[in-house]
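Have a look at the structure below before the remarks.
The values are calculated or read from the model by the stated rules, or taken from the named source; none is laboratory data. Bear in mind the structure is a predicted one, so any value in this text is a computation, not a measurement. Note that each Cβ is placed from the backbone with ideal geometry, even for glycine, and that neighbours are counted across all protein chains shown. What goes into the accessible areas is simple: the full protein's heavy atoms, side chains included, and nothing from ligands, DNA or RNA. Shrake-Rupley method; radii C 1.70, N 1.55, O 1.52, S 1.80 Å.
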Amino acid sequence: SDAAVVDAIKAQNAKHGSITEDDISKLDTEWRAQAKAGKGAMIDEVLSNALSKFLQAKKDAAGGKISEMFVMDNKGLNVGQSDVTSDYMQGDEAKWQKTYQAGPGALFIDEIEFDDSSKAFQSQASMTIVDEAGNAIGAITIGVNVEKL
């Protein structure tokens, strides 16, 4: 519900209002190539935005219990993140489908598995993010490092 999260999602939803599936595929392909290379302009742009800095601070304050945090828009695209994700488009995954698509109040907790992005055994807890009127606008995923619990 923090304004930093809600405002960032709303801005990206407006920016991507007319984005096509082909555009999304191209963005995801570019992200994956940059993630594999360990750097790139697209990744730098997302990791340096205000929302990513906010999420990085929250992760750091958790003392290792949180392995990653990322926020997705209404298309399943990353808006901000604490760490580089392996892909840009999360819309084809349960973390987005069982939250944003399920509507306000949805919570999805996934099974424990080894996550290549965070290099830790984790469970991901995801939930729908709503605007001030209670409408679903995106989702958040928090990777909980079960080795630190």
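For segment 79-149, give the percent of accessible area contributed by carbon and sulfur heavy atoms, probe 1.4 Å, rounded to a whole number.
It is 52 percent, rounded to a whole number.
Taking amide hydrogens as placed 1.01 Å from N in the peptide plane, the amide H of residue 68 sits under 5 Å from those of 143, each at least 5 positions away in sequence or on another chain. In the context of the full set of protein chains, the chain has a per residue accessible area of 52 Å² (1.4 Å probe).
Here segment 1-83 is assigned +1 on the Cβ of each Lys and Arg and -1 on the Cβ of each Asp and Glu. Its dipole about the Cα centre then comes out at about 220 debye. Sorting 14-21, 43-50 by average packing, meaning the other beta carbons within 10 Å per residue, from highest down gives 43-50, 14-21. Compare the Cα positions of 35, 136, 51 along the charge dipole of segment 1-142 (+1 at Cβ of Lys, Arg; -1 at Cβ of Asp, Glu; about the Cα centre) and return the one farthest towards the positive end. My answer, from the dipole projection, is 51. Only lysines eight or more places from residue 26 in sequence, or on another chain, were considered; those with a Cα closer than 19 Å are 15, 36, 39, 75.
Per-residue ellipticity at 222 nm computed for the chain from its helices equals -10500 deg cm²/dmol, with DSSP H segments shorter than 4 residues left out and the rest contributing -39,500 (n - 2.57). In this structure, the residue pairs whose Cα-Cα separation is over 18 Å, taken from 65/119; 58/148; 10/98, are 10/98.
Does segment 68-113 classify as rounded, prolate or oblate by the C-alpha gyration tensor (a ≥ b ≥ c root eigenvalues; a/c under 1.5 gives rounded; else a/b over b/c gives prolate, otherwise oblate)? Because a/c hits 1.5 or more and a/b fails to exceed b/c, segment 68-113 counts as oblate.
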